[in-house]
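Down below is the structure, laid out as structure tokens.
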């Protein structure tokens with residue numbers, strides 16, 4: 001437990017320090033969401049209709065930003081070697097890094113989402129719903145991204161490759177996230193079922209992603 | 001001072017017909033040795049002979065293509081000692097954005113050997129980097145990084161040290177300190193396997209000379 005806590009704490013610290021990327025992710029999210037009203041025009045009805053989807057897509061894109069350095073930094077500075085030589089399970093390293101990354105970059109974005117939702121003319125119910133679904137679903141995005149980061153840890157410029165690998169896999173999370181948000185706002189649409197599936201994605205990926213990531217890091221070591 | 005008392009089991013390292021293949025090419029074949037507690041093995045040979053690969057196999061970072069490697073507790077119980085090694089490669093696993101103190105604390109928690117304020121100060125003081133505890137490691141010189149790597153090893157006692165070119169980047173004074181640390185480790189029943197093409201500050205009990213395969 002102390003081991004996992006140490007890895008999470010280090011990841012959060014590295015994330016929020018200068019050059020860590022947590023702040024950049026937040027600003028990128030702000031930029032993506034702020035650009036949309038300029039693109040689609042000042043049609044408030046349209047904006048409030050597509051607002052939850054825009055916020056979700058913004059979170060999806062912003063979650064990709066810091067991933068490139070998540071494991072490649074460990075590989076380059078020798079931490080990965082030392083960690084494996086220490087005999088501790090690599091699964092815990094992947095889990096700790098992913099959780100830390102979510103705390104440093106995912107959580108601030110989720111907290112900022114309702115504020116940005118105001119710019120998109122979302123109703124109070126929709127603001128609450130989108131924050132709740134992002135809170136439940138964004139861990140899945142980070143865990144899926146962590147697998148992509150582990151796969152590309154041995155490459156020089158893995159950032160673009162991570163996006164290409166991770167975006168298709170994130171589509172189900174996006175679908176159910178937006179579906180659940182709309183379900184909370186529009187009456188006949190279902191909320192509970194898609195929301196529970198969203199939670200299942202996060203919980204399932206929390207178990208599977210560390211296993212897959214550990215395997216990928218092992219391969220990247222060779 | 002960090003007290004070099006015996007805080008780990010006495011271990012014998014045995015390699016039997018180890019071979020290593022990288023990129024489809026045999027790096028070395030049929031390496032066998034056996035080294036007991038309190039002894040040091042020097043691995044020598046030209047570049048590309050597979051010194052580092054041998055150490056990486058021993059550290060569990062590479063799978064051997066064949067052969068067997070065992071860390072056996074010498075006293076009584078035949079069970080394999082768990083996670084007995086310290087690996088000192090050419091990188092020291094330091095995060096440039098964090099201070100030396102934070103870096104060392106992190107590794108102590110990974111090794112499950114919580115280090116107090118005194119331990120940190122004693123270890124870094126001995127290695128001549130005590131004044132730099134609160135500096136970010138990003139500003140360290142190569143020699144200071146190497147010293148930080150040695151501090152990491154000092155803080156969490158483990159029986160087997162795998163040192164890959166341990167004297168690289170160290171000045172004369174640093175080499176002397178390294179020699180003392182290695183001596184103390186051997187005195188307290190540890191095992192050292194050191195790969196080097198330079199002279200080591202401590203005389204080895206055994207030498208394994210690796211040649212480039214024809």
Checklist entry - Ranked from highest to lowest mean number of other Cβ atoms within 10 Å per residue, what is the order of the peptides A:128-135, A:1-8? => result A:128-135, A:1-8
Next on the checklist: Distance between the C-alpha centers of segment A:156-207 and segment A:104-142? Whole Å please.
Outcome noted: 13 Å
Checklist entry - Highest GNM mean-square fluctuation, chain B, Cα pairs closer than 10 Å: which of B:130, B:23, B:45? => result B:23
Checklist outcome for this item: For chain A, the longest principal axis of the Cα atoms and the Cα long axis of helix A:90-101 enclose an angle in degrees, to the nearest 10, of 40 degrees
Checklist outcome for this item: The value for segment A:1-61 (convex hull of the alpha-carbon atoms, volume per residue, Å³) is 93 Å³
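Give me the Kirkwood hydrodynamic radius of the protein assembly as shown, using the inverse of the mean 1/r over all pairs of distinct Cα atoms, in Å to one decimal.
After inverting the mean inverse Cα-Cα distance, the result is 23.9 Å.
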Item to check | Under 20 Å from the residue B:70 label point (7 Å along Cα→beta-carbon), backbone N, segment B:22-44 | outcome: B:30-41
Checklist entry - Expressed as a whole percent, how much of the Cα-Cα distance distribution for segment A:143-216 exceeds 21 Å? => result 38 percent
Checklist entry - Distance in nm between label sites at residue B:118 and residue A:196, each 7 Å beyond Cα in the beta-carbon direction? => result 5.8 nm
Checklist entry - Sorted by packing (mean other beta-carbon atoms within 10 Å per residue), highest first, where do A:137-143, A:33-39 land? => result A:137-143, A:33-39
Item to check | Distance (nanometres) between label positions extended 7 Å along Cα→Cβ at residue B:17 and residue B:47 | outcome: 3.4 nm
Item to check | Two-site FRET efficiency, residue A:161 against residue A:215, from Cβ-Cβ distance with R₀ of 22 Å, rounded to 0.05 | outcome: 0.80
Item to check | Euclidean distance of C-alpha centroids, segment A:30-53 and segment B:176-197, integer Å | outcome: 65 Å
Checklist entry - Summing -39500 (n - 2.57) over the DSSP H runs of n ≥ 4 in chain A and dividing by its residue number, what mean residue ellipticity at 222 nm do you reach, to the nearest 500 deg cm²/dmol? => result -27500 deg cm²/dmol
Checklist outcome for this item: For segment B:50-151 (alpha-carbon point model, no solvent) the Debye-based log₁₀ I(q)/I(0) at q = 0.18, 0.20, 0.23 Å⁻¹ works out to -0.93, -1.03, -1.17
Item to check | GNM result for chain B, Cα springs below 10 Å: residue of B:139, B:13, B:85 fluctuating most strongly | outcome: B:139
Checklist entry - Quick one: Cα convex hull volume of segment A:56-110, Å³ per residue? => result 69 Å³
Checklist entry - What is the average number of partner chain Cβ atoms found within 10 Å of a Cβ in B:88-99? => result 5
Checklist outcome for this item: A student asked for the Cα radius of gyration and Dmax of chain A in angstrom ought to give 17.8, 58
Next on the checklist: Taking each residue in B:61-67, count the Cβ atoms of any other chain within 10 Å of its Cβ, then average. What number comes out?
Outcome noted: 2
Checklist entry - Out of the DSSP beta bridges found with both residues in segment B:52-196, what percent are antiparallel (nearest 5)? => result 20 percent
Checklist outcome for this item: Helix-only [θ] at 222 nm, chain B, -39500 (n - 2.57) per DSSP H run of 4+, per residue, nearest 500, equals -8500 deg cm²/dmol
Checklist entry - Which percent of Cα-Cα pairs in segment B:125-190 sits in each 10 Å bin, short to long? => result 19, 55, 24, 2
Checklist entry - Does segment B:91-214 come out rounded, prolate or oblate by the C-alpha gyration tensor, with a ≥ b ≥ c the root eigenvalues, rounded set by a/c under 1.5 and, if not, prolate when a/b is larger than b/c and oblate if not? => result prolate
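A short reminder: the numbers here are calculations on the coordinates, not readings from a lab. The structure displayed is predicted, hence computed values, not measured ones. Cβ atoms come from the backbone with ideal geometry, glycine included; neighbour counts cover every protein chain shown.
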